[in-house]
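Structure first, commentary second.
The values are calculated or read from the model by the stated rules, or taken from the named source; none is laboratory data. Since the model is a prediction, treat every value here as computed from it, not as a measurement. Glycine also receives a Cβ, built like all others from the backbone with ideal geometry; neighbour counts cover every protein chain displayed. What goes into the accessible areas is simple: the full protein's heavy atoms, side chains included, and nothing from ligands, DNA or RNA. Shrake-Rupley method; radii C 1.70, N 1.55, O 1.52, S 1.80 Å.
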Amino acid sequence: MDDVRTTAPPVPSGFSVGLDIGGTKTLAVLLGHEGQVLAQSRLATETGPVGVVDGAVRAVESVARQAGVLLAEVTGVGVGVPGLVESDDGTVRHAVNLGLDGDPLDLAHLLSERLGGVGVGVENDLNVAAVGAAHLVEAEEPDDRPTDLAFLALGTGLAAGIVLDGSLRRGRTGAAGEIGHVPVDPLGPPCGCGQRGCLELYASGSAVTALWPSITGRPAPVELFEAADAGDPEAVAARDTYARAVAAAVRMLVLTVDVRHVVLGGGVSQLGEPLLDVVRSALTDESAASGFLRSLDLPGRVRLAPGRVPVGAIGAAVIGRGHAARVRDLAR
């Protein structure tokens, strides 16, 4: 598939829908001609091959109905899903949380058929989040230069979606941004990938649970930051250890692909400004002894994913817009 631009050209007399299908919920948005959000909804995810397609259809119908838009007016649909995605043909495999095994589900084709032949693009969920974040940054901070951005997902694992020069960067095998499996301590604990001391073991959401297990059933990051704010010295030490690990991930992204923005997303990012503050503080401390690092303004490059809108669904809709444009060009 061609590179996915974060600012796809407007599709004449049409709208685009984006779906971010997760293990428990599906987020959907409908974008207008200028890329503005006209409607959004949240539905429970249905699993299994039939359930995924049925649920996707219902999600598209839901946002179209909210906005008073006919399905015939929707000219592009984008879908973000976990698992192994072949973006060229829109198939998905090994999406365990969606009940999909190793047999490829031809999601793009099946969804297109159910929606009257509309063009459908399918992409990995992390990649659509990166595209969505870039789309929102471009809207907030217009710039003559194309966007360079990494969406750093602090979830169960650790990985980044990367947009360079305004285009999604997948890499030769789709492994671009898999910084969670860069070893940072060769003597560290074993990682599920078969290596030792991977960055994911220190900077992911799971790493917070290992540092500060929840005792009330609430998310471990919330308990850790609350205890640190209350002055618990052990919590302060654990919070700062985690902040330094996230700062290392930010530094790795900037020093490898020199992105203008590193957007913190994923479950841990729900902490909001307190997380941003400690990560920026760690980056400032680490830059103190290095004029080179200070010149890169690492703290100034970090920001939070917008909490008011579903970033992944917006990115999927942008991909849908681009897919519709390509289909339209091929039909000429």
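Of all residues in the stretch 271-322, exactly one satisfies the criterion of being among the small types (Gly, Ala, Ser), assigned to a loop (DSSP other than H, G, I, E, B) and buried (at least 16 other Cβ atoms within 10 Å of the Cβ), namely ALA305.
One line per residue, one yes/no per condition, for (1) among the hydroxyl-bearing types (Ser, Thr, Tyr); (2) surrounded by fewer than 24 Cβ atoms within 10 Å (Cβ to Cβ):
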site	(1), (2)
THR91	yes, yes
ASN97	no, yes
PRO104	no, yes
GLU123	no, no
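Taken together, ALA175, ALA129, ALA139 contain a single residue that is buried (at least 19 other Cβ atoms within 10 Å of the Cβ) and of a type outside the set (S, T, N, Q), which is ALA129.
Tally the residues that are open to solvent by less than 40 Å² (accessible area, probe 1.4 Å) and free of Cβ contacts under 8 Å to residues at least 60 places away in the same chain, restricting the search to the stretch 20-44. Going through the stretch 20-44 one residue at a time, the tally reaches 4. The residue pairs whose first member lies in the stretch 230-251 and is open to solvent by less than 40 Å² (accessible area, probe 1.4 Å), whose second member is aromatic (Phe, Trp, Tyr) and part of a helix (DSSP H, G or I), and whose beta carbons are closer than 6 Å, counting only pairs six or more residues apart or on different chains, are ALA245/TYR202.
Kindly indicate whether VAL118 is closer than 21 Å to VAL37 by Cβ, at pLDDT below 95 and open to solvent by 10 Å² or more (accessible area, probe 1.4 Å).
yes
Say whether the condition of being farther than 28 Å from ARG145 by Cα, crowded, with 19+ Cβ neighbours inside 10 Å and of a type outside the set (Val, Ile, Thr) is met by at least one residue in the stretch 254-270. Among the residues of the stretch 254-270, not one is farther than 28 Å from ARG145 by Cα, crowded, with 19+ Cβ neighbours inside 10 Å and of a type outside the set (Val, Ile, Thr), which makes the answer no.
Report, by residue number, each residue of the stretch 202-221 that is in a helix (DSSP H, G or I), open to solvent by 50 Å² or more (accessible area, probe 1.4 Å) and closer than 14 Å to GLY266 by Cα.
The answer is SER206, and nothing else.
When we screen VAL53, VAL74 for residues that are surrounded by 17 or more Cβ atoms within 10 Å (Cβ to Cβ) and within 17 Å of ALA313 (Cβ to Cβ), the only hit is VAL74.
Selection over the stretch 178-189 of residues that are open to solvent by less than 50 Å² (accessible area, probe 1.4 Å) and not β-branched (Val, Ile, Thr) gives a count of 2. Quick check: anything in the stretch 222-242 under 21 Å from the mean Cα position of the chain (by Cα), closer than 20 Å to VAL311 by Cβ, modelled with pLDDT of 95 or more and part of a helix (DSSP H, G or I)? Checked the stretch 222-242: no residue is under 21 Å from the mean Cα position of the chain (by Cα), closer than 20 Å to VAL311 by Cβ, modelled with pLDDT of 95 or more and part of a helix (DSSP H, G or I).
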